[in-house]
Amino acid sequence: MNRIERTSLMTLEAYAKARPEFRARVLSHKKNRTLALGPNVTLVFEDEMTVRYQVQEMLRVEKTFEEQGILDELEAYNPLIPDGTNWKATMLIEFPDADERKRRLGELRDVEHHVVARIDGEPPVVAVADEDLERSNAEKTSAVHFLRFELPDAARVALRAGAGLAFGVDHPGYRAEAIVGDDIRRSLLADLDR
């Protein structure tokens, strides 16, 4: 699907002017791309707009204006854009208390390999986690993971025909499921090829 090209990015100066309006648009857009799985796990489904925002923000924060630095950011972030047969999501594991967070991230090692999409009448689609680098180690999992839900043709057809959609975590240390409402469903269907 969409890749962000170097020529489509705003300069640092242009982005500084456009940032307040663009940021407001992105935050509104993300409301229909964010799904809580219980009290401590959130999936934020990425698309061209959310990734474009991340790239522009990284360039702004790092004050990157040299060509190679810009290309490096695009190389890092473009893989997060869905390509028509999948959804890509950032999974956030959040515990406000630092001590609890440390303990729970230890208990939730490999949780990123236990996240599924459930489409009525189809086999569950287990997320492929952290294709760029491993984010768990022998002691704990990371608080942030990048997931890809690769949807078979039959699942995409079923979704277009109105099949129910839910996402869940099925890990011994954390179980949760959320049925996807109409607004998020419409937003996610837009990521799939017609």
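For the stretch 21-74: of the residues being surrounded by 19 or more Cβ atoms within 10 Å (Cβ to Cβ) and acidic (Asp, Glu), which is farthest from the chain's Cα centre (by Cα)?
Glu73
Could you tell me whether the stretch 131-144 includes any residue that is buried (at least 16 other Cβ atoms within 10 Å of the Cβ) and not in a loop (DSSP other than H, G, I, E, B)?
no
Read the figures in this text as sums done on the coordinates, not as results from a lab. Just so it is clear, the structure is predicted and the values come from calculations on it, not from any experiment. Virtual Cβ from ideal backbone geometry, glycine too; neighbours counted across all protein chains shown.
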